[in-house]
Structure formats: C-alpha cells, structure tokens
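**Student:** Please see the structure below; I have some questions.
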Amino acid sequence: EYIEDLGEGGFGKVVLAKEKVSERQVAIKCLKLTRKYEQSNIIDEIQIISQLNHPNIVTYYHNFMKDNCLHIVMEYCREGSLRNKISLKDKIEVNTVLEWIRDIASVMQIIHKKNIIHHDIKPDNILFSENNVIKISDFGVANKLIGTKNYLAPEMFNYNENTRKDARIDVYALGVTLLEILTKQNPFLGKKQNEIIKNHETKDFKIDKLPQWVQELILKAINIIP
C-alpha cells in the first residue's frame, strides 16, 4: 500500500509503503534499468548482501517486476540519511562521527572480503534506522565502473577496468565522506577532473581546524596515490 514518495534521482524513485499483512513499513526503490542483464546483476549482488544479514547494512526483503521496472523492497530507515544530518546547522561531535565511520569501515571490510566493492559510498547512501543505527544502502552499482564524481577516487577517472575490484576506492569515498561531515563541505563539489587533481596537489581541504590525528586520517584515506 503506497504511502508517499521518499525521493527521486537518476536511478529512479523511492517510495514509502506498508505491507498489508504484516503492516510493516518498507521502502521500495524502482530502478530505471530496463536491460535484463543489468537487472539480473543487481538482483545477484543484493542476494549476496542479504546473506550477510549485517546490522549495519540495509535489509533487503524481496524484489518484483512491474511495468518492466525492477522494484527492490527493503528496510525503511526512518531517521533519514547522513546527508540530512550534514545539512543541519548543529555541529556533529568528532567522537560521534568517528563511531559512524568506524562502523561503516567494519562493514566495508566484510563486504570487501566477499569481493564486493560498493562503488558509491557517500552521505546519501548512508542511512539511519529508527534507533539511529547507521547502515550502508544502495548496492545497485556494486562492482561496476560507476561512481559519484565528488567521491570518486582519481584513479577511477579513466574508468580503468583494473580499478573496478579495488577496495581502496571505497576507502577513498569514505575518507571524503568523513571530511565532509566534519567540515560541512565537499572540496570537490562541482569541480572538473583536472581541478580535483589540482586540489589534491595543493591539499586545500579546509581541515586545519580539526585535531592533527584526524587530519592525518583524512589525508591518508583520500591520498591521490592509492
């Protein structure tokens, strides 16, 4: 039973719905992908992720086809995304942020051992459940030569096939995410590839007010040399 729209983007749209039998609220993502092999690849990745049954990964319940569109039924995270929290004026304590990053890094280590690279770690794909438990979402582009430019490791700019299964690109994206939470800005937003490279060369990341050890953590994670 449809309740309301939750969001829309290049991938498709997400709606909030309620299962009539269980009365459980779920999020349903309708993906615009219409090619059969793309739909099959996404279902395969989701099935692998579902088997992990990890508390910091959004739970996927099932999927169905409607109007030639793949619909993914998954856990509804009512506390919204990390993007929502960054947009608030209130400062987020460093210790809280590092707990979040630690939890996400722990999950990444598990999925990387399964040879799954997320490829799109960013605040929009990190959600919070009802009890404020942090969770990784959106494995739709896992192991593909795709990503969001502001969080894309520079070695990915040439879309070299060798980088597709390199776990370090997720580490880089998580480092940019950490930087963005603590500074409330993404230094690569709206920049072209050559400008991002130059930004790395100057290291003008506006992190000088952070504790020295946190600066070092960020600079290691987003180093231009993998």
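The values are calculated or read from the model by the stated rules, or taken from the named source; none is laboratory data. None of these values were measured; they are calculated from a predicted model. Reconstructed Cβ throughout: ideal geometry from the backbone, glycine too, with neighbour counts over all protein chains shown. Each accessible area value is taken on the protein alone, full model and side chains, heavy atoms only, with ligands, DNA and RNA left out. Shrake-Rupley method; radii C 1.70, N 1.55, O 1.52, S 1.80 Å.
**Student:** Let me have the 222 nm mean residue ellipticity of the chain computed from DSSP H runs of 4+ only, each contributing -39500 (n - 2.57), with the sum over all residues rounded to the nearest 500.
**Tutor:** Details: 6 runs with 79 residues, N = 226.
Calculated at 222 nm, the ellipticity per residue is -11000 deg cm²/dmol.
**Student:** Tell me which aspartates and glutamates have Cα within less than 18 Å of K13's Cα, excluding those fewer than 8 residues away on the same chain?
**Tutor:** E1, E4, D5, E38, D67, E75, D120, D124, D138
**Student:** What accessible area per residue, rounded to a whole number of Å², is obtained for the chain using a probe radius of 1.4 Å? Could the numbers behind the result be given before it?
**Tutor:** Numbers: 12480 Å² over 226 residues.
About 55 Å² of surface per residue is accessible.
**Student:** Give the residues of the range 75-96 whose amide nitrogen is closer than 17 Å to a point set 7 Å from the Cα of K18 in the direction of its Cβ.
**Tutor:** Counting backbone N atoms under 17 Å from the label point, the list is 76-78.
**Student:** At a 1.4 Å probe radius, carbon and sulfur cover how many percent of the accessible area of the chain? Write down the numbers at each step before the final one.
**Tutor:** On the way: 6040 of 12480 Å².
Carbon and sulfur together cover 48 percent of it.
**Student:** Only Lys, Arg, Asp and Glu count, each charged at its Cβ (+1, +1, -1, -1), so figure out the dipole size of the range 32-75 about its Cα centre, rounded to 20 debye.
**Tutor:** For this selection, approximately 160 debye.
**Student:** Find, among the GluC sites (Glu not before Pro) in the range 56-149, those assigned to loop by DSSP (not H, G, I, E, B) with at most 12 other beta-carbon atoms within 10 angstrom.
**Tutor:** Those that pass, being in a loop and sparsely packed, are E93, E130.
**Student:** Setting aside same-chain residues fewer than 8 positions from K91, which aspartates and glutamates have a Cα under 16 Å from its Cα?
**Tutor:** Cα-Cα hits under 16 Å: E99, E180.
**Student:** Further question on the same structure: Answer with a single label: of (1) -0.81, -1.09; (2) -0.57, -1.19; (3) -0.69, -1.17, which was calculated as log10 I(q)/I(0) by the Debye sum over Cα atoms at q = 0.11, 0.16 Å⁻¹ from the structure in view?
**Tutor:** The calculated read-out lines up with (2).
**Student:** What's the local net charge at K18, with K and R +1, D and E -1, over the other residues with C-beta under 12 Å away?
**Tutor:** Numbers: positive: K20, R24; negative: E1, E4, E19, E23.
Residues near K18 contribute -2 overall.
**Student:** Got a sec? What order do Y159, Y61, Y37, Y172 fall in by accessible area at 1.4 Å, biggest, i.e. largest, first?
**Tutor:** The ranking, largest first, comes out as Y37, Y159, Y61, Y172.
**Student:** A follow-up question, please. Just want the answer: with Cβ charges of +1 for Lys and Arg and -1 for Asp and Glu, which residue in L178, A221, A167 is farthest toward the dipole's positive end in the range 141-226?
**Tutor:** L178
**Student:** Let me confirm the definition first: pairs of Lys residues in the range 107-189, 8 or more apart or on different chains, C-alpha distance under 12 Å. How many are there?
**Tutor:** Going through the range 107-189 pair by pair, I get 5.
**Student:** Further question on the same structure: Would you list, by chain and number, the aspartates and glutamates whose Cα falls below 15 Å from the Cα of K198, excluding same-chain residues fewer than 8 positions away?
**Tutor:** E155
**Student:** I've got another one for you. Where both partners of a DSSP beta bridge lie in the chain, what percent of those bridges are antiparallel, to the nearest 5?
**Tutor:** 95
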